[in-house]
Amino acid sequence: MIPLLSAEWLKLRSVRSTWLNAAAVVVLLALCGLWSFAVAGIWDGRPPAERAAMRAAPPEYPMSLALPLCTGVLGVLAITAEHATGMIRVSLAAVPRRGRLLAAKAGVVAAASLAAGLVAFTAAALLGRLIVGGRGVAEFHRPVGEEAPWIASLCLLVVVSALVGLGLGAVLRSTAGGVAAVTALLFVLPTLVTTVAPDPWNERIGRLLPTSLFAQLADRTGTMLDDPLPPAAAGALLVGYAAAALAAGALALARRDV
């Protein structure tokens, strides 16, 4: 299995799209810095009496919005790029056991996404603290015991998004279709549920979507949900998204010609 993982890692880091995703992460980190500067400016412009009640989104907020989409696209491209070039036939000739090939891709994509998430979210949180400095914005000065579960839940969302993208890419065999499906799951569907579904179904359905589950996993929903899921249930359901997508991808890969 090690040679197969090495081969998949070589493929992943050899394509231009991987480095474009890395560049996008750098841009997102810069946006996190700009957000932190904006929060510091707002704090400085408020009278002392209002500063104690000031609340702001955490420094990693811009990263949390877009990084799951970046890794979702990475997961899609990890397999659809081979379909587009015909290299999937070479891969399957070298690894006839298709489930094994998909498992290797999943392992490499998950590891790369996890590393990107840990570095990006930690860097964003530290950058925010550095920029805000001694200003008393609570969201920028959380204790490590509170910050670590939050970053861990964000990293899990990033990994799940990547694996969902990989599974959908295996099912659809189309980069455009896979990216559209990941975008719909992460952005379009939550918006539709919030704006179209009637009460209380908008919350009942919304809390089951990936972009809501990670906050419930970290027990950080605040007033967003009246009846959040227990963290263990939220984490299991979030992992279930990745498992279902990979199972569908494995079935599609095994039951049809490339």
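The values are calculated or read from the model by the stated rules, or taken from the named source; none is laboratory data. Please read these numbers as outputs of a predicted model, since none were measured by experiment. Here Cβ is always computed from backbone atoms with ideal geometry, including for glycine, and neighbour counts include all displayed protein chains. Ligands, DNA and RNA are excluded from the accessible area calculation, which covers all protein heavy atoms including side chains. Shrake-Rupley method; radii C 1.70, N 1.55, O 1.52, S 1.80 Å.
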Between Ala56 and residues 5 or more places away or on another chain, which pairs have amide H atoms under 5 Å apart, with H built 1.01 Å from N, and which residues are they? Glu139
Per DSSP helix of 4 or more residues, -39500 (n - 2.57); summed, then divided by the residues of the chain. What does that give at 222 nm, rounded to the nearest 500? -26000 deg cm²/dmol
Quick check: pseudo-label points 7 Å beyond the Cα along Cα→Cβ at Leu118 and Ala176, how many nm apart are they? 3.8
To the nearest 10 Å², what's Met54's accessible area with a 1.4 Å probe? 10
Along each principal axis, Cα extent of the chain, largest first, Å: 69, 41, 30
Sorting check: for 57-66, 72-81, which peptide has the highest mean count of neighbouring beta carbons within 10 Å, and how do the rest follow? 72-81, 57-66
Mind running the shape call on the stretch 105-228? Use the C-alpha gyration tensor, a ≥ b ≥ c as the square roots of the eigenvalues: rounded below 1.5 for a/c, prolate if a/b tops b/c, oblate otherwise. oblate
Hypothetical label at Ser6: residues of the stretch 98-140 whose amide nitrogen lies under 17 Å (7 Å Cα-Cβ projection): 104-105, 108
Amide H within-cut-off set for Ala197, under 5 Å, with H built and near neighbours excluded: none
Residue separation times 0.36 nm, minus the C-alpha to C-alpha distance between Leu208 and Arg129: what's the value? 25.3 nm
If you plug each phi of the stretch 6-14 into the Karplus form 6.51 cos²θ - 1.76 cosθ + 1.60 with θ = phi - 60°, what whole-Hz ³J(HN,Hα) values come out, in order, with x for Gly and Pro? 4, 5, 5, 5, 4, 4, 5, 7, 8
The stretch 125-163-the stretch 1-69 distance, computed between alpha-carbon centres (Å): 10
Per the rule of 0.36 nm per residue minus the C-alpha distance, extending Ala233 to Val196 adds in nm 10.7 nm
What list of ³J(HN,Hα) couplings, whole Hz, do you get for the stretch 64-81 from phi and the Karplus terms 6.51, -1.76, 1.60, once you set θ to phi - 60° and write x for glycine and proline? 5, 6, 10, 4, x, 5, 4, 6, x, 5, 4, x, 4, 5, 4, 10, 6, 4
Here the stretch 29-39 yields Karplus 3J(HN,Hα) values (6.51, -1.76, 1.60; θ = phi - 60°; whole Hz; Gly and Pro given as x) of 5, 5, 5, 4, x, 5, 4, 5, 4, 5, 5
